[in-house]
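Engineer: The following block contains the structure, expressed as structure tokens.
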Amino acid sequence: MKTAMKGIIGCVALAVAVAIIFGPAAAMAGEKKLVVGSKEFTEQRIIGNIMIVLLEKNGFECVDKTGLGGTLVARKALENKQIDVYMEYTGTALTTFLKHKETITDPQKCYDAVKAEELEKNGMVWLPYMSFNNTYCLLMRQDESAKTGIKTLSDLASYVKEHPKAISFGVNAEFYARPDGYKPLQKAYGFKFPRKKIVKMESGLLYKALKDSQIQVGLGFATDGRIKGFNLVVLEDDKKFFPVYNPAPVVKKETAEKYPELEGIFKKLGEKLSTEAMTNLNYQVDIEHKNVKEVATEWLKSAGLM
């Protein structure tokens, strides 16, 4: 009897030990967990939170690492496995990561080129892209544009040549140094601001500087809500200098293979997140000062994705 009891106790003890050793591993194997990152500016924080809310709705546990920093900071975090996913822009990848000198202005062609080359060279998988295009743009106040007659970048180039000291140009440090940034822009349009008329500042300060007439021309993003909020006008890129900038979630190859369902989740999102929708989301956060997470959640509900 004692022998039988010892056998039973031994089996129970073994079962408990197996559960202790393998139980957490089995649970972890069934977990769907992603660390979600983003760059530091408003739009990136919004789309980062949209990803978090949407992924959680689809059974993932998410760690919020949004607001990391600039392009190179976010990319390095992905490469070093500090984050699992963030949204990058096709135009940025084309020129900054893949070093293409010629821009691609067709969204699908740009995405296809980036997707294929990133996988082959860097082991990165680009999931379905969003339909909005947040390309760079140059901005002026509406009254300043009307007074000077500057409507296009060619108009601006002509004006700067004739009045080199009349206009201050506000730009962030990243754009000033980018391969698709200030220097090739001035070459494409044949103009050059005097060094003293170039004012470098953080992206978030550029719009207020324009609004307060501290600068006359400033760098902006096409979907920024402050364009509407501050009565600014986008100067037409009449020579089609700027590449398209459609964002897409980027993950390492092993993450894409582990979670193939990500493709379908983000395809639905990409179809809904238009330029109009993104501009409105940016407006709610930057002008109406609403909470980023709440704005992301409410939009997902209104878009029928929750």
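Engineer: As I understand it, the value is the acute angle between the Cα axis of helix 107-122 and the longest principal axis of the Cα atoms of the chain; what does it come to in degrees, rounded to 10?
Structural biologist: Result, in degrees: 50.
Engineer: Ranking request for peptides 284-290, 167-173, 45-51, 149-155: highest mean number of other beta-carbon atoms within 10 Å first, then the rest in descending order.
Structural biologist: 45-51, 167-173, 149-155, 284-290
Engineer: On to the next question. HIS100's amide H: which non-local residues (gap 5+, or another chain) put their own amide H closer than 5 Å, with H modeled 1.01 Å from N in plane and none for Pro or chain starts?
Structural biologist: Residues meeting the amide H criterion: THR95.
Engineer: Divide by every residue of the chain the summed helix terms, -39500 (n - 2.57) for each DSSP H run of at least 4, and state the resulting mean residue ellipticity at 222 nm, rounded to the nearest 500 deg cm²/dmol.
Structural biologist: About -15000 deg cm²/dmol.
Engineer: Enumerate the amide H contacts of VAL35 below 5 Å, restricted to partners 5 or more residues apart or on another chain; note that Pro and chain-start residues carry no placed amide H.
Structural biologist: Amide H to amide H, under 5 Å and 5 or more residues apart or across chains, VAL35 pairs with VAL63, ASP84, VAL85.
Engineer: List the residues, sorted by chain then number, that are 5 or more residues from ALA303 or on another chain and whose placed amide H is less than 5 Å from its amide H.
Structural biologist: none
Engineer: In degrees, nearest 10, range 0 to 90: what is the angle between the Cα axis of helix 292-302 and the longest Cα principal axis of the chain?
Structural biologist: The two axes meet at around 80 degrees.
Engineer: So, one more: How many angstrom lie between the C-alpha centres of the stretch 231-285 and the stretch 163-201?
Structural biologist: Using only Cα atoms, the two centres lie 26 Å from each other.
Engineer: Give the shape of the stretch 154-201 as rounded, prolate or oblate, defined through the alpha-carbon gyration tensor: a ≥ b ≥ c are the square roots of its eigenvalues, a/c under 1.5 means rounded, and otherwise the shape is prolate if a/b is larger than b/c and oblate if not.
Structural biologist: oblate
Engineer: To the nearest 20 debye, what charge dipole does the chain have about its Cα centre, counting +1 at the Cβ of each Lys and Arg and -1 at the Cβ of each Asp and Glu?
Structural biologist: Computed charge dipole of the chain: roughly 760 debye.
Engineer: Among HIS163, LEU206, THR148, which residue has its Cα furthest toward the positive end of the charge dipole of the stretch 136-234, with +1 on Lys/Arg Cβ and -1 on Asp/Glu Cβ?
Structural biologist: About the Cα centre, the residue reaching furthest to the positive side is HIS163.
Readers should treat all values here as calculations from the given coordinates under stated rules, not as data from a laboratory. Please read these numbers as outputs of a predicted model, since none were measured by experiment. FYI the Cβ positions are ideal-geometry reconstructions off the backbone, even for glycines, and counts take in every protein chain you see.
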